[in-house]
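A quick write-up on the structure given underneath.
The values are calculated or read from the model by the stated rules, or taken from the named source; none is laboratory data. These figures come from a predicted structure and were not determined experimentally. As a convention, Cβ positions derive from the backbone with ideal geometry for all residues, glycine included, and neighbour counts pool all protein chains shown. To get the accessible areas, we keep the full protein, side chains included, count just its heavy atoms, and leave off ligands, DNA and RNA. Shrake-Rupley method; radii C 1.70, N 1.55, O 1.52, S 1.80 Å.
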Amino acid sequence: MKAKLNSQEKIDKKKRLGQFFTDSKLAKLLSALSVEPEYISIFDPMCGKADMLTAASLFNNKAQLVGVDIDEGAIEKAEQNFCENNVTNIQNLYNSNIFSKTILDKLPFIQYDLVITNPPYVRYQSLNNDNESRLPSAEEIRAALLDIINNFQNLDINDKKIYSELVKGYSGLSDLAVPSWILCSMLTKENGRLAMVVPESWLNREYAYPIHYLLLKYFDIEYVIEDVDRSWFKEALIKTNLVIAKKKARVENLYKEVRNKTYVHVGIKQAHGNESSLVGNIIPGLVLHEHQFKRELQLKLDKYMKNGLCKRVNIINLYDSLVENAKETRWYKNIEGNASGKLKNNKGNLMPTTLKELLAKNKTEFITLEELGVQIGQGLRTGANKFFYVELEEELGNMSLIKLDQIFDSKVIEVPSSVLLPVIRKQNELPLGYTVNSELTKGRVIWLENFIHPKDYTKLNGLNVQSKIMNAALSDYVSKAETMNIGMTGSEKYIPYLSAVKTNVTKMKNNDPNTIRYWYMLPKLSYRHKPELFVPRINNLSPKFLLNDTLPLVIDANFSTIWTTDNSLVNKFTLIALLNSDWFILVCELLGSIMGGGALKLEATHLKKALLPKFSINNYLELTNLGIRLSTGDTSAKTQIDQIFAETIMPENQTVFIKEIRKLTMNKQADRIGK
């Protein structure tokens, strides 16, 4: 007889297995958009309690349903689910690890008309071989996939090479969903469909690019459905998308194939649904709202585009991002070689596709920011913003009044001014211009480098400690934070033990008590935390690069950060001119990752790949002066900045160059924003 799990053990097991079972309403929507009445086989390789297969039976009651899950308890729930919902389709359920040639050989079909699933989102670092979870290790999954590919009857020699390179090349930082995508793709028939629940990060994580490639190479993306309000998986605290794609024959020339294609992006809000359907308030009064919703999307798409529910997204955007970010990876080079449809410049770097025709005869030398001696990183990640970030109420000389976060009842306390550093935490704190000023921001980060809690001081038994003892208000605040449960009952969380906070703790070195660091002491700040320039990582509109003022603020991890070094060929004023040029804004649009809602994500990795023309010394001097003007609010300097770019890149036709750059930028932004 099996021992029953308590509530905490159940939660831990769900996390290990990535078990966030699909809500029946979500399963119905995904099934409606992907099931066809002529399908004879529907497969869920990570079926859980079979919500997907149960929903699919509503739209096709004749197809044979096949499900596999590694958890025996889930299979028992799946059988019960079929029974309770009177599913009459032929059913085949297997308790097994799907990443195994043995189980695949037992299944009734080699490939399926529809593969529909919500794969487990378990990070590879969490995969293990213990008896309880039965999850194979990361390398076992990789080896199993290679074995499956080598023996898969429906792949020709070129397909096997492509799939093998993807399996060997995907990142070890990937979650379990990445190999799941690869396997599901193989198991989908040509002209069949793949329907997946994915985290929003499938659009912008570095490790997702093999999936993008797979989709473009073997599928036509039809729909991406966005969970606008993060309401589908509240327990998992992630924003999700549904992706529906139709399998096709392997594409030989990706650029030629995708340049004129689009998919439909639909934003579903919580208000669009009712108690029985995610779209019940869009299509009221029906039993199967989802089936009619699919028909409406097919026949009346313009109506929904006008009211903002959906938009068409150009697939060339996904291609551009894929090539720019994957072109240097081994797997991409081994599969595509140089057949990327891109233009090489004289430094061997690759220009984005969108600039290919414009710069076809260009002889300008281009350079990266790092080649200019510029460093790029990410701002401060505190690990516990609700503790470390506070609001300045009033400065009283050596003391200041601060307001704590609402989890601490928005209490106002008095602390030494020296423990407070001005910080930019989020975009709504940014000015209208191009320069931030520490005197105008009320955000503060608690910086306890030189302060120690009384109880920690007592433990040191009078050793020569240079840190000051916290005042009563500050020590009470730290004590409260140590004992406050910020998690849920049965799943307690305490600030000192959060993954990014507990790393602050270090033991004494060389018998010096001043080397001890406590959880409330943030890591030492570096240039990336107090940079000369920064830009939001998530940009709804056009990205804007801002200058940190003469008393540099701390910049949060919501921003990518930029700074010069002793070896830099430019200064911060040159940079603010270069980075806010029309040229560089377009390059950002081409390199950045487009998120589900149309926002542009700009990470340090994107900015490091961006190319700038190599200017003359006189040009750099001009740009420095124009950067000073721009930083002080003279936006007319922008016109002259763009003119210098035009004179350098296309001297023979400067007016056309400026117009084309602006037109391309507007088109890219319109595509992603949906206007």
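Some points to look at:
- Size of segment 226-307 from its Cα atoms: along the principal axes, largest to smallest, the extents are 46, 33, 23 Å.
- Three-way shape call for the chain based on the alpha-carbon gyration tensor, with the a/c threshold at 1.5: oblate
- Relative contact order (%) - criterion: Cα under 8 Å, at least six apart; region: segment 527-658: 24 percent
- With the Kirkwood sum run over all distinct C-alpha pairs, segment 499-582 has a hydrodynamic radius of 15.3 Å.
- Here each label is just a point 7 Å from Cα along the line to Cβ, and for THR458 and LYS502 those points are 2.5 nm apart.
- Segment 39-121 shape via C-alpha gyration tensor axes, a/c threshold 1.5: oblate
- Among complete DSSP H helices in the chain, those whose alpha-carbon atoms stretch at least 24 Å along the helix's long axis and whose mean Kyte-Doolittle hydropathy reaches -1.0 are 654-673.
- Accessible surface, per residue, of segment 416-533 when the full set of protein chains is kept, probe 1.4 Å, Å²: 57 Å²
- Here the chain is assigned +1 on the Cβ of each Lys and Arg and -1 on the Cβ of each Asp and Glu. Its dipole about the Cα centre then comes out at about 600 debye.
- Accessible surface of ARG259, taken over heavy atoms with a 1.4 Å probe and every protein chain present, rounds to 110 Å².
- Separation in nanometres of the label points that stand 7 Å from Cα toward Cβ, at ASN154 and GLN80: 3.3 nm
- Nearby aspartates and glutamates by direct alpha-carbon distance to LYS411 (threshold 18 angstrom, same-chain neighbours under 8 apart not counted): GLU391, GLU393, GLU394, GLU395, ASP476, GLU482
- Expressed as a whole percent, the accessible area of the chain that falls on carbon and sulfur atoms is 49 (1.4 Å probe).
- Working note: Cα atoms of segment 352-456, range along each principal axis, descending, whole Å: 68, 33, 27.
- Once both labels are positioned 7 Å from their Cα atoms along Cα-to-Cβ, the gap between GLU449 and LYS300 label points is 6.2 nm.
- Accessible-area ranking of GLU336, GLU257, GLU394, largest first, probe 1.4 Å: GLU394, GLU257, GLU336
- ALA271 sits among other residues whose Cβ lies under 15 Å from its own Cβ, and their net charge, with Lys and Arg +1 and Asp and Glu -1, is -1.
- In the distance distribution for segment 259-329, Cα-Cα pairs more than 17 Å apart total 54 percent.
- Rounded FRET efficiency, nearest 0.05, which uses the C-beta distance separating LYS663 from ASN191 and R0 of 45 Å: 0.75
- Gain upon complete extension [ARG381, GLU393; 0.36 nm per residue less C-alpha separation]: 2.0 nm
- Highest mean packing comes first when the peptides 395-407, 242-254 are listed by Cβ atoms within 10 Å, giving 242-254, 395-407.
- Pairs beyond 31 Å (Cα-Cα), from LYS168/LYS189; LYS160/LYS327; LYS168/LYS572: LYS168/LYS572
- Calculated over segment 155-285, the projected area of the Cα convex hull averaged across directions stands at 9.5 nm².
- Cut-off 16 Å, label 7 Å out along Cα→Cβ of ASN571, residues of segment 602-639 by amide N: 617-632
- Förster radius 22 Å - calculated FRET efficiency between LYS608 and GLN640 (Cβ-Cβ, nearest 0.05): 0.20
- Both numbers refer to the Cα atoms of segment 437-591; Rg and Dmax are 20.4, 61 Å.
- When only Cα pairs below 8 angstrom with a gap of at least 6 residues are kept, the chain shows a relative contact order of 10 percent.
- Helix-only mean residue ellipticity at 222 nm for the chain, each DSSP H run of n ≥ 4 adding -39500 (n - 2.57), per residue, nearest 500: -10000 deg cm²/dmol
- Heavy-atom SASA rank of LEU440, LEU578, LEU421 (probe 1.4 Å, accessible area, largest first): LEU440, LEU421, LEU578
- Accessible-area rank, largest first, for TRP583, TRP232: TRP232, TRP583, with all protein chains present and a 1.4 angstrom probe.
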